[in-house]
Amino acid sequence: MIRKTETGELSKLFGEVLRELRAEKLLTLRELSNASGVALGYVSEVERAVKDVSSQTLSRLLVSLDIDLSEFLLLVAEKAERKAK
């Protein structure tokens, strides 16, 4: 379970997990951008935690990565737990 974290920390976790998922699917930023309809620069900024991601945009990215929101959040929680140790 994700403990109390600051917004920036959560954005960083979201970005890291998105980047890892994209890499697992062997997609470039451009390919994910094209598949999701999310601007290339915005995808990059989300992965680098420069921008927070809206629920609508996150949904579009996850559909393009073929992953459920619940699975994504589980991956984020697991990454948070590993970092907390």
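The values are calculated or read from the model by the stated rules, or taken from the named source; none is laboratory data. Computed from a predicted structure; not experimentally measured. All Cβ positions, even for glycine, are placed from backbone atoms using ideal geometry, and neighbour counts span all protein chains on display. Ligands, DNA and RNA are excluded from the accessible area calculation, which covers all protein heavy atoms including side chains. Shrake-Rupley method; radii C 1.70, N 1.55, O 1.52, S 1.80 Å.
Quick notes on this structure:
- Tally of residues being in contact with a helix residue (DSSP H, G or I) (Cβ under 8 Å, 6 or more places away or on another chain), of a type outside the set (Ser, Thr, Tyr) and open to solvent by less than 60 Å² (accessible area, probe 1.4 Å) across segment 41-59: 6
- Per-region count, segment 30-40, residues open to solvent by 60 Å² or more (accessible area, probe 1.4 Å) and either over 16 Å from Arg19 (Cβ atoms) or in contact (Cβ under 8 Å) with a residue 60 or more places away in the chain (or both): 2
To keep it simple, each residue is scored yes or no on (1) of a type outside the set (D, E, K, R); (2) in a loop (DSSP other than H, G, I, E, B).
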residue: Glu9; (1), (2): no, no
residue: Gly15; (1), (2): yes, no
residue: Ala23; (1), (2): yes, no
residue: Glu45; (1), (2): no, no
residue: Val53; (1), (2): yes, yes
residue: Leu58; (1), (2): yes, no
residue: Leu61; (1), (2): yes, no
residue: Ile67; (1), (2): yes, yes
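- Residue list for segment 52-82, filter: in contact (Cβ under 8 Å) with a residue 24 or more places away in the chain and within 15 Å of Arg19 (Cβ to Cβ): Val53, Leu58, Leu61, Ser64, Leu65, Ile67, Phe72, Leu75, Val76, Lys79
- Applying the set (1) of a type outside the set (D, E, K, R); (2) open to solvent by less than 90 Å² (accessible area, probe 1.4 Å); (3) assigned to a helix (DSSP H, G or I) to Leu27 leaves exactly one unmet item: (3).
Residue-by-condition table, conditions (1) under 13 Å from the mean Cα position of the chain (by Cα); (2) of a type outside the set (S, T, N, Q); (3) modelled with pLDDT under 95:
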position	(1), (2), (3)
Arg3	no, yes, yes
Ser11	yes, no, yes
Ala23	yes, yes, no
Leu26	no, yes, no
Leu40	no, yes, no
Glu47	yes, yes, no
